[in-house]
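The values are calculated or read from the model by the stated rules, or taken from the named source; none is laboratory data. Owing to the predicted nature of the structure, the values given are computational and were not obtained by experimental measurement. So basically every Cβ, Gly included, is an ideal-geometry build from the backbone, and we count neighbours across all protein chains shown. Keep in mind that these areas ignore ligands, DNA and RNA; they rest on the heavy atoms of the full protein, side chains included. Shrake-Rupley method; radii C 1.70, N 1.55, O 1.52, S 1.80 Å.
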Amino acid sequence: GGVLHIFPNPVVESFEIDYGGQLGSLRVLNMFGREVARFQYELGKQYNISQLPRGMYLIQLRDRQNAIVRTQRLKKQ
């Protein structure tokens with residue numbers, strides 16, 4: 001585990017993740033739990049979600065074995 005920062009939050013176009021642990025991928029879920037975007041995790045990478053409508057989303061972080069590590073809310077403006 002580790003400290004997790006997703007920024008900026010709220011996001012307009014893209015966000016970054018700062019996390020102290022190992023991550024494999026991240027998924028962006030809408031509030032119905034449907035996956036609307038998926039990315040491979042890379043340190044310092046900008047994840048662009050400008051194509052998504054405004055609203056609340058869940059960022060689901062997964063490790064390299066595909067187990068869910070953390071879920072965090074993200075607001076899209």
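Does the stretch 22-33 contain at least one residue that is assigned to a strand (DSSP E or B) and open to solvent by 60 Å² or more (accessible area, probe 1.4 Å)?
Looking through the stretch 22-33, none of the residues is assigned to a strand (DSSP E or B) and open to solvent by 60 Å² or more (accessible area, probe 1.4 Å).
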| task | Output yes when any residue across the stretch 37-49 is open to solvent by less than 50 Å² (accessible area, probe 1.4 Å) and out of contact with any Leu (no Cβ under 9 Å at 6 or more places or on another chain), and no when none is. | result | yes
*Within the stretch 52-74, is even one residue within 9 Å of the chain's Cα centre (by Cα), open to solvent by 30 Å² or more (accessible area, probe 1.4 Å), hydrophobic (A, V, I, L, M, F, W, C) and closer than 22 Å to Val3 by Cβ?*
yes
* To do: Could you tell me whether any residue of the stretch 45-62 is of a type in the set (S, T, N, Q) and farther than 17 Å from Ser14 by Cβ?
  => yes
Within the stretch 10-21, the residues that are farther than 12 Å from Tyr41 by Cβ and either open to solvent by less than 70 Å² (accessible area, probe 1.4 Å) or touching a Phe, Trp or Tyr at 6+ places or on another chain (Cβ under 7 Å) (or both) are Pro10, Val11, Ser14, Phe15, Gly20
Residue pairs qualifying under the 9 Å Cβ cut-off, at least six apart or on distinct chains, with the first in the stretch 12-37 being in contact (Cβ under 8 Å) with a residue 60 or more places away in the chain and the second being loosely packed, with under 14 Cβ neighbours inside 10 Å and outside any strand (DSSP E or B), are Val12/Ser50; Val12/Gln77
